[in-house]
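The values are calculated or read from the model by the stated rules, or taken from the named source; none is laboratory data. Computed from a predicted model, the values in this text were never measured in an experiment. All Cβ positions, even for glycine, are placed from backbone atoms using ideal geometry, and neighbour counts span all protein chains on display.
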Amino acid sequence: MGRLKSFKDLLIEKLKNLRSIDKFSLSLILIAITLLSVFILFPVFSVVLDAFVEPSGEIGFQNFVNLIATPSYRRGLINSIITASLTLTTTSAIGIPVAYIMTRYVFRGKKIFTLLTILPLMIPPFVGALALVGMMGRNGIITNFLEDFLMLFGINISLKEGLILPNIPGIVLVQTFHLWPLIYLNTSASLSKIDPTLEESARNLGATGFNLFRRITLPLALPGFAAGALLVFLWSISDLGTPIMLNFTDYSVFQAFNEYTIQGGYREIASVISIVLTGISALALVFVNKYVGLKEYATVRAGAAPKSIQKRISGKLNIIVVVFLTILILFSIIPHLGTVVMAFTKNPSYGEWVPQGITLEYMVEALVDSNTSLSILNSLVYALLASFAGIFLGASIAYLLVRKKFPGKSILDIISTMPFAIPGIVIGLGFLYIFSQPIVGNFRLTSFWYILVIAYSMRRLPYTVRSSHAVLKQVHVSLEEAATSLGASRIKTFTSITLPLIMPGLMAGAILIFITSFTEVSTSLLLQPIIGPFGIYARPLTLQILLLAKGGPTAVKVASCLGFIQIIATSIGLYITNKLLGGKAGLAFGG
Amino acid sequence: MVYVRLENLEKTFGSIIAVDNISLRIEEGEFFTILGPSGCGKTTTLRMIAGFYKPDKGKIYFNKRLINKIAPEKRNIGMVFQNYALWPHMSVFKNVSFGLEMRKVPDDEIKSRVNSALDLVDLQGLGDRTPDQLSGGQQQRVALARALVIEPDVLLLDEPLSNLDAKLRVEMRTEIKKLQKNLGITTIYVTHDQKEALAVSDRLAVMGLGKIAQVGNPHEIYAKPANKFVASFIGLINLFSGKVSKVSKDNVWIKTKTGLDLVSSSITNVKEGMEVLVAVRPEHTEVHSQDYFSEEGNLISGIVEGIEYLGDLSRYSIKTQYQTINADQYSPSAEKSFKMGETVRLSFEKEQIHLIEII
């Protein structure tokens with residue numbers, strides 16, 4: 001390479017980068033920075049600041065002290081950490097073996113399982129929790145069935161309280177149902193990319209069986225697993241929906257939510273809890289990054305990567321594997337079946353478990369009741385707009401990150417990935433602190449439905465930045481340069497060359513934002529705008545589900561119908577995304 | 001017809017100076033190659049001419065026009081990229097017609113010009129295929145057609161053959177050379193393959209570490225390398241450091257650091273006492289049996305340490321008391337070959353000994 005320059009020259013180089021950037025990109029940068037600052041940075045900072053405002057009005061650490069000193073809050077924090085850790089353990093115990101089986105073995109019936117293993121992703125976790133509580137909670141169909149079933153064997157246990165209780169095991173169970181595919185998908189992504197020659201050379205040198213697995217395979221699969229594990233941990237610790245559904249009040253996120261929304265609640269503790277949870281999330285992120293690294297290094301060789309070796313198994317082992325997977329799938333569809341049963345059948349009598357007939361009355365009620373049907377429409381509008389906004393902003397940021405050099409680039413990268421590690425409740429609280437201040441006269445942004453669209457698109461931003469980033473990287477810059485060299489302006493190059501090539505990935509990203517916004521929980525419950533797109537009713541679908549779920553038996557059934565609608569929307573969306581991304585949709589969803 | 005002039009060009013990336021004050025003039029219609037190892041700055045130079053990099057210092061002219069500030073899409077250049085950069089979502093026809101569409105050429109003219117371009121590169125009838133349906137060689141030709149159809153002022157090629165297999169590379173370079181000669185477009189070609197550079201270029205510049213080591217026609221570059229870098233980069237060469245001990249009307253005598261006495265007829269600009277690098281190509285190094293004698297001098301005894309049979313020649317590695325010397329023997333036969341460990345005598349013709357002044 002050429003000779004090296006001095007430090008002064010380096011500085012001049014950096015400033016030169018700023019001057020040489022084109023106007024179009026410069027305006028994109030400014031827009032992105034402004035939006036990110038106003039809708040991510042400021043809200044987060046406001047929550048941080050609020051944590052230091054003591055009830056007396058002074059600035060200090062009193063709130064933190066109260067968090068540790070008060071038994072219930074202390075319990076909430078410990079419970080959250082324990083739950084997240086336990087969920088991580090259970091999901092790994094399921095996900096890792098499944099990943100190994102599916103990537104390394106070929107067996108009869110494998111094809112069916114490949115489709116079924118992402119079933120849990122098709123049901124929004126909130127709806128899943130509702131179904132699980134309905135089926136396995138107090139007087140749930142499965143609960144009553146189990147009681148009767150055990151009776152056949154002379155085992156007389158009262159399951160009056162239900163199988164799923166408002167405690168840590170209950171939360172862990174519900175979360176595991178939804179989250180184990182994240183471990184499976186991410187681990188198998190790593191496992192399947194491992195160049196078989198890496199293992200072959202180890203085998204050549206004498207490593208076999210478990211030793212081989214432990215020293216070669218496992219470390220190489222670690223980045224994938226770590227990515228999944230991080231997702232599970234972060235999700236679990238900031239999960240608001242499940243504790244609400246189970247009515248488990250000793251859970252930090254739920255406590256924060258309660259203290260803020262209840263009249264005369266201890267508001268500041270909500271901020272403290274939120275930033276403590278954020279701090280734990282950030283620590284987890286740093287820890288994983290530092291000690292494991294989320295980079296893939298499983299493909300070392302140059303040239304074409306050979307397919308990973310798969311062993312064909314048969315006989316006894318085949319049966320064991322199939323039985324294991326079948327039981328797993330059967331458990332996994334309990335939430336789906338539960339939703340359908342609760343939505344479309346009449347309740348059995350108390351203590352019984354046989355449904356009393358199929359009916360559409362609850363679905364009709366859901367579609368006819370003005371508020372309920374409006375909430376469906378509202379969420380459709382919010383989700384649609386959020387996906388447009390998210391794609392536009394995400395693709396622009398990805399474009400800047402992939403194609404341009406400018407000072408502050410890494411900061412842009414960090415801020416646009418921040419929402420990943422920030423619990424939804426922090427964004428919600430931050431929006432409330434900042435945007436419930438009147439802007440002009442009596443106009444408060446938080447009274448209007450736009451606030452939800454903004455919240456959804458900001459929360460999902462990392463996903464769109466990532467999917468746009470991945471898809472843009474596949475368009476080699478020489479393809480754009482070739483167009484430029486032949487006379488195409490910047491815009492023409494973008495519309496003729498870049499856009500058509502990244503469209504499938506962009507669409508997939510847009511659909512994912514749509515699905516996740518349609519079923520979003522945290523900010524939907526916290527931000528409660530009044531003015532909606534169709535009148536004075538702005539409630540999104542998830543809030544409507546929650547309100548109904550806490551109502552009488554009929555209301556719960558209507559809630560299940562709404563949940564069913566969410567399942568259908570999610571499944572259709574995932575199907576289309578899968579087609580667009582060529583079979584890797586599950587990864588994009590969880591990853 | 002356009003000539004290209006580079007004046008004191010400089011480009012830095014971070015703390016590394018990739019192109020360090022280079023000046024060049026590429027004549028109208030010339031096939032000019034920039035040759036050098038990876039990282040020498042040749043591609044950076046090309047991309048500055050194309051307009052994808054802005055020079056930190058220096059000027060670039062197309063004829064008398066300063067083009068530094070002109071956007072790449074307005075420079076009327078045709079560029080062939082190393083990876084061809086064919087658009088996968090467009091047919092071959094659409095790929096080639098793109099530049100004409102940008103120039104708002106009417107449709108029927110586009111059709112005839114694209115078809116002529118495809119004819120030119122021997123791809124008639126393949127207009128409806130998509131790039132993924134073509135072989136590497138065919139893709140390369142589409143990239144060429146796409147660059148040529150717009151009748152550019154300057155044709156830029158960035159290592160266009162490096163992704164092809166060896167045989168195809170040789171075929172394609174001949175075709176490119178022929179095309180260029182027929183069309184007469186000023187062409188700047190970048191490669192690290194010295195055989196390629198020697199085969200196609202009217203003139204070439206050898207670059208190293210961001211600087212130009214030598215500019216000249218292929219013969220000059222090969223036979224009269226101006227410095228050690230060019231000498232050792234192009235082909236194999238035997239190098240001896242030494243001092244000029246005597247200069248006469250016809251001959252120069254050199255004593256090498258290792259004590260070897262050599263005589264050369266390369267007397268231009270040579271003075272007594274000068275420090276020089278003596279350069280002799282292996283093909284000008286003859287191998288004889290150990291009792292060979294010639295009055296000319298330039299004889300060295302040695303032992304065969306290695307033999308590479310390359311089909312058309314045998315390459316010997318001869319260990320001598322001074323250093324290891326490479327010698328090529330063309331059309332080797334069983335009778336004329338030497339064996340490993342055999343003692344031999346090497347000779348150089350004084351006309352083939354080239355002197356490089358060490359500055």
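Among the residues of region B:58-78, those that are in contact with a Phe, Trp or Tyr (Cβ under 8 Å, 6 or more places away or on another chain) and either within 11 Å of chain A (Cβ to nearest Cβ) or free of Cβ contacts under 8 Å to residues at least 24 places away in the same chain (or both) comprise B:Ile67, B:Pro72, B:Arg75. A:Asn139: in a loop (DSSP other than H, G, I, E, B), in contact (Cβ under 8 Å) with a residue 40 or more places away in the chain and over 26 Å from the mean Cα position of the chain (by Cα), yes or no? So A:Asn139 passes the test.
Can you list the helices (runs of 4 or more DSSP H) found entirely within region B:155-230 that contain at least 1 residues being touching a Pro at 6+ places or on another chain (Cβ under 6 Å)? Outline the logic, then answer.
Working: elements: B:166-183, B:194-200, B:218-223.
The helices (runs of 4 or more DSSP H) meeting that bar are B:194-200.
Counting only helices (runs of 4 or more DSSP H) that sit wholly inside region A:167-230, those with at least 2 residues that are buried (at least 23 other Cβ atoms within 10 Å of the Cβ) are A:168-193.
Taking region B:79-92 as the range and being within 14 Å of A:Ala488 (Cα to Cα) and more than 7 Å from chain A (Cβ to nearest Cβ) as the test, no residue passes. When residues in region B:17-57 are screened for being within 14 Å of chain A (Cβ to nearest Cβ) and either within 16 Å of B:Ile188 (Cα to Cα) or crowded, with 16+ Cβ neighbours inside 10 Å (or both), 23 of them pass.
Selection of first residues in region A:75-96 that are over 13 Å from A:Leu230 (Cβ atoms) and of second residues that are outside any helix (DSSP H, G or I) and of a type in the set (Gly, Ala, Ser), restricted to Cβ pairs under 9 Å at least 6 apart or on distinct chains, gives the following pairs, ordered by first then second residue: A:Ser80/A:Ser238. Under 7 Å between Cβ atoms, at least 6 apart or on separate chains: pull out the pairs that start in region A:562-591 with a residue that is of a type outside the set (Lys, Arg) and end on any residue that is at pLDDT below 55 and surrounded by 21 or more Cβ atoms within 10 Å (Cβ to Cβ). Every condition considered, the pairs that remain are A:Leu574/A:Ala585; A:Leu574/A:Phe589; A:Thr577/A:Ala585; A:Thr577/A:Ala588; A:Asn578/A:Ala585; A:Leu581/A:Ala588.
One residue alone among A:Ala455, A:Ala482 is more than 14 Å from chain B (Cβ to nearest Cβ), crowded, with 20+ Cβ neighbours inside 10 Å and at pLDDT 90 or above, and that residue is A:Ala455. Might you check whether a residue that is over 31 Å from the mean Cα position of the chain (by Cα) and away from every other protein chain (no Cβ under 12 Å) occurs anywhere in region A:495-503? Looking through region A:495-503, at least one residue is over 31 Å from the mean Cα position of the chain (by Cα) and away from every other protein chain (no Cβ under 12 Å). In a residue-by-residue description of region A:240-251, the property of being free of Cβ contacts under 8 Å to residues at least 24 places away in the same chain, touching a helix residue (DSSP H, G or I) at 6+ places or on another chain (Cβ under 6 Å) and part of a helix (DSSP H, G or I) applies to no position.
Residue-level check: of (1) over 19 Å from A:His476 (Cα atoms); (2) not in a loop (DSSP other than H, G, I, E, B); (3) not small (Gly, Ala, Ser), B:Arg129 misses just (2).
Kindly provide the set of residues from region A:485-494 that are of a type in the set (S, T, N, Q), at the interface with chain B (Cβ under 8 Å from one of its Cβ atoms) and surrounded by 16 or more Cβ atoms within 10 Å (Cβ to Cβ), ordered by number. Answer for region A:485-494, where residues must be of a type in the set (S, T, N, Q), at the interface with chain B (Cβ under 8 Å from one of its Cβ atoms) and surrounded by 16 or more Cβ atoms within 10 Å (Cβ to Cβ): just A:Ser485. Scanning region A:349-399 for residues that are surrounded by 14 or more Cβ atoms within 10 Å (Cβ to Cβ) and of a type in the set (Phe, Trp, Tyr) turns up A:Trp353, A:Tyr362, A:Tyr382, A:Phe388, A:Phe392, A:Tyr399.
For region B:102-114, the set of residues classified as among the charged types (D, E, K, R), at negative phi and surrounded by fewer than 16 Cβ atoms within 10 Å (Cβ to Cβ) consists of B:Arg103, B:Asp107, B:Asp108, B:Glu109, B:Lys111, listed by residue number. Sort through A:Leu86, A:Leu163, A:Leu159, A:Leu119 and tell me the only one that's in contact with a His (Cβ under 8 Å, 6 or more places away or on another chain), surrounded by fewer than 22 Cβ atoms within 10 Å (Cβ to Cβ) and at negative phi. Only one candidate qualifies: A:Leu119. Checking region B:159-175 against the condition returns a match, with at least one residue being within 13 Å of chain A (Cβ to nearest Cβ), buried (at least 19 other Cβ atoms within 10 Å of the Cβ), in contact with a strand residue (DSSP E or B) (Cβ under 6 Å, 6 or more places away or on another chain) and not β-branched (Val, Ile, Thr). The sole residue among B:Leu161, B:Leu198, B:Leu168 that is under 25 Å from B:Gln139 (Cβ atoms) and within 16 Å of the chain's Cα centre (by Cα) is B:Leu161. A:Lys473 meets the conditions (1) surrounded by fewer than 18 Cβ atoms within 10 Å (Cβ to Cβ); (2) within 27 Å of A:Asn578 (Cβ to Cβ); (3) in contact (Cβ under 8 Å) with a residue 24 or more places away in the chain; (4) within 14 Å of chain B (Cβ to nearest Cβ) in every case but one. The failed one is (4).
Of the residues making up region B:301-316, those that are within 10 Å of B:Gln329 (Cβ to Cβ) and among the small types (Gly, Ala, Ser) number 1. Within region B:87-101, not a single residue is surrounded by 14 or more Cβ atoms within 10 Å (Cβ to Cβ), under 26 Å from the mean Cα position of the chain (by Cα) and among the aromatic types (Phe, Trp, Tyr).
Among the residues making up region B:97-135, a single one is within 14 Å of chain A (Cβ to nearest Cβ), without any contact (Cβ under 8 Å) to a residue 12 or more places away in the chain and not charged (D, E, K, R): B:Val105. Report the residue count in region A:396-436 for those that are in a helix (DSSP H, G or I) and basic (Lys, Arg). Matching residues across region A:396-436 total 2. When you scan region A:530-543, do you find a residue that is within 14 Å of chain B (Cβ to nearest Cβ) and basic (Lys, Arg), even just one? Checked against the condition, which is being within 14 Å of chain B (Cβ to nearest Cβ) and basic (Lys, Arg), region A:530-543 yields no hits at all.
Of all residues in region A:514-524, none satisfies being of a type in the set (Val, Ile, Thr) and within 14 Å of another protein chain (Cβ to nearest Cβ). A single member of A:Leu283, A:Leu222, A:Leu246, A:Leu230 is touching a Gly at 6+ places or on another chain (Cβ under 8 Å), farther than 15 Å from A:Ile78 by Cα and at pLDDT 80 or above, and it is A:Leu246.
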